[in-house]
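This report concerns only the one structure given below.
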Amino acid sequence: MSRGLAALAIALTVLAAWFARSAQVAPLGYGPLGARAARPQPPASAPSVPEGPLARNPFRYVDEPAARAPSGPAVVRATPPPPPAAVPTPEPIRLTGFVRRGGELKAVLFVAGTTLVAAAGESAEGYRVLSVDEDAGVRVRGPAGEELLLRPAGR
């Protein structure tokens, strides 16, 4: 029976300590006996606010200090203008597709803004078509003598 009395004594001690602690903590905004605490008064040197529809800034609090004016002239750094964008040079010749005419495979070429149809051995706008193959592409010789291999778009 002494164990039961000891457990009861410990429980009562813990309960008394808890009540004593909670009596010391007062709710926020209330003084003793539930009386309301006095509201804090704004500082006496509050800046004057112009009258009108925009008389107050809702993003500025009373506790914040007013923004300081800059002490000297603002330093403006000149930024260099961005370099001009590189204009891509258009391809002088482009393969746009293939067509069969009279059982012969021909290449559809876009040369200097003009669409032309040419078979192997034919010339168009200074370009000579050397070979036409749907899988390998079209080989042409340019006006300067260089050979180009043109492939259809997507391959």
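The values are calculated or read from the model by the stated rules, or taken from the named source; none is laboratory data. Predicted model only: the values in this text are computed from it and were never measured. Using ideal geometry, Cβ is built from the backbone for each residue, glycine included, and neighbour counts are taken over all protein chains shown.
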Query raised in the report: In region 120-132, how many residues are free of Cβ contacts under 8 Å to residues at least 24 places away in the same chain, closer than 19 Å to Arg151 by Cβ, part of a strand (DSSP E or B) and not basic (Lys, Arg)?
Result: 4
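Here are some residues: Glu64, Glu122. Which one is at pLDDT below 85 and charged (D, E, K, R)?
Being at pLDDT below 85 and charged (D, E, K, R) holds for just one of Glu64, Glu122, which is Glu64.
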Report task. For Val117, state whether it is under 17 Å from Glu104 (Cβ atoms), of a type in the set (A, V, I, L, M, F, W, C), in a strand (DSSP E or B) and without any contact (Cβ under 8 Å) to a residue 40 or more places away in the chain. Result -> yes
Report summary line: Counted residues in region 136-154 being exposed (fewer than 10 other Cβ atoms within 10 Å of the Cβ) and part of a strand (DSSP E or B) come to 0
Query - Scope region 86-114; condition on the phi < 0 side of the Ramachandran plot and among the hydrophobic types (A, V, I, L, M, F, W, C); matching residues - result: Ala86, Val87, Ile93, Leu95, Phe98, Val99, Leu105, Ala107, Val108, Leu109, Phe110, Val111
Requested in this report: Go through region 85-114 and give me each residue that's more than 48 Å from the chain's Cα centre (by Cα) and either in contact (Cβ under 8 Å) with a residue 40 or more places away in the chain or assigned to a loop (DSSP other than H, G, I, E, B) (or both).
Outcome: Gly102, Gly103
